[in-house]
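Data first, discussion second: the structure below is written as C-alpha cells.
Rule-based calculations on the coordinates, nothing more; no lab input. Because the structure is a prediction, the values reported are computed rather than measured. Neighbour counts are summed over all protein chains in view; Cβ atoms, including those assigned to glycine, are modelled from backbone coordinates with ideal geometry.
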Amino acid sequence: MVLQRVFRAVIMGPPGSGKGTISERITKSFGLKHVSSGDILRNNMNAKTELGLLMKACIDQGQLLPDNMMARLILHDLRALGNESWLLDGFPRTILQAEALDDAYSVDTVINLNVPFETIKKRLSSRWTHTPSGRVYNIDFNPPKVPGLDDVTGEPLVQRDDDTPHTVSRRLKAYENQTEPVLEYYRSKGVLQTFSGTETNKIWPHVEAFLQRKLTILSKKVAGHG
Ligand code: ATP
Ligand code: MG
C-alpha cells in the first residue's frame, strides 16, 4: 500500500509484549520508519560513553531514564525524519513524555499490545537480540534460521542484561505505575487501539488488518481533498 500522507503511529505494551517483532513487521509491510527508544539507548551504551554507562546502570535496574533526557533524544531523532512516516516504539512511557510528544506532533494511532504479565515473564527468558539492528528472536515462537545467529547479517545474538527475572519484575512495576496511565491518556483522545493475546503470531494479523483499513481511510480522505 502506498501512503498518501505522513502517518505517525505509536506502539505500546509491557516489556516483552512483542513490540519489537510487531514493529519490524509493520515497518516492512507499510514502509514506516521504526524509532525505538530501547534500541537508541542500547546503541548509546555500546559506544561506552560516560552517559552510556550511566544509562546502563539505570536500565539494568529496570528503572526509567529521566523524562527530559528521553524527550530530547527522541524528538531529535524524529525531527531528523522530516516528513517521513514513523512508528514510535518505547516512547512515550510517562504522561510527561506523552505531552512532550503532543507538543511537537499529532499522533494518528496508538497500537496497544495487551499481553498478560505471566506470559511475559516466561517469554523474556527465551529472548535473543541482535544488538546492532535491534532485531529480536524468541527460541519458542520466532527462532532465527541458524541457532544463535542473526538472519540478516549472520552476526551472533545475545541475551539482554536487563532480561533477568529480578529486573523484569522491576520493569513490569515501572510499566504499571508510569506507563499504564499513558494508555488512558490516549484512550481519552480516541486514538488507542488495543490488541489482546498471548501469541505475537496470532496478534499480528489483527494489527495488519487494522492498519490496512486505517491507511485506506486516510488515503481516501486525502484524495477527497484533491
Ligand atoms: P521490550 O522488551 O519490548 O523492548 P522494554 O519496553 O522493557 O520492552 P526497551 O524499550 O528496550 O524495553 O527499554 C529498555 C529500558 O530502557 C527500559 O527498561 C528503560 O530503563 C529505558 N527506556 C526506554 N525507553 C524509555 C523511555 N521512553 N523513558 C524512560 N526510560 C526508557
Ligand atoms: Mg523494544
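Table for the structure above
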| quantity | calculated |
| --- | --- |
| Charge tally in the Cβ shell below 10 Å around T109, where Lys, Arg are +1 and Asp, Glu are -1, T109 excluded | +1 |
| Protection proxy ranking of 149-157, 171-179 - average other beta-carbon atoms within 10 Å, highest first | 171-179, 149-157 |
| Nitroxide proxy distance, nm - points 7 Å out along Cα→Cβ at K221 and R187 | 2.3 nm |
| Restricting the stretch 6-60 to trypsin sites (Lys or Arg not before Pro) in coil, as DSSP defines it, with at most 12 other Cβ within 10 Å | K48 |
| Pairs beyond 31 Å (Cα-Cα), from K56/K122; K145/K221; K48/K121; K145/K220 | K145/K221; K145/K220 |
| Within straight-line cross-link reach of K214, lysines at Cα separation under 20 Å, skipping those fewer than 8 residues along the same chain | K19, K28, K33, K189, K202 |
| The stretch 11-100 - Kirkwood radius from inverse mean 1/r over Cα pairs (Å) | 13.9 Å |
| Span-like helix ranges in the chain, DSSP H, alpha carbon extent 30 angstrom or more, Kyte mean at least -0.5 | 200-224 |
| The chain: antiparallel DSSP beta bridges as a percent of all, rounded to 5 | 30 percent |
| Percentage, to the nearest whole number, of Cα pairs in the stretch 176-226 over 19 Å apart | 51 percent |
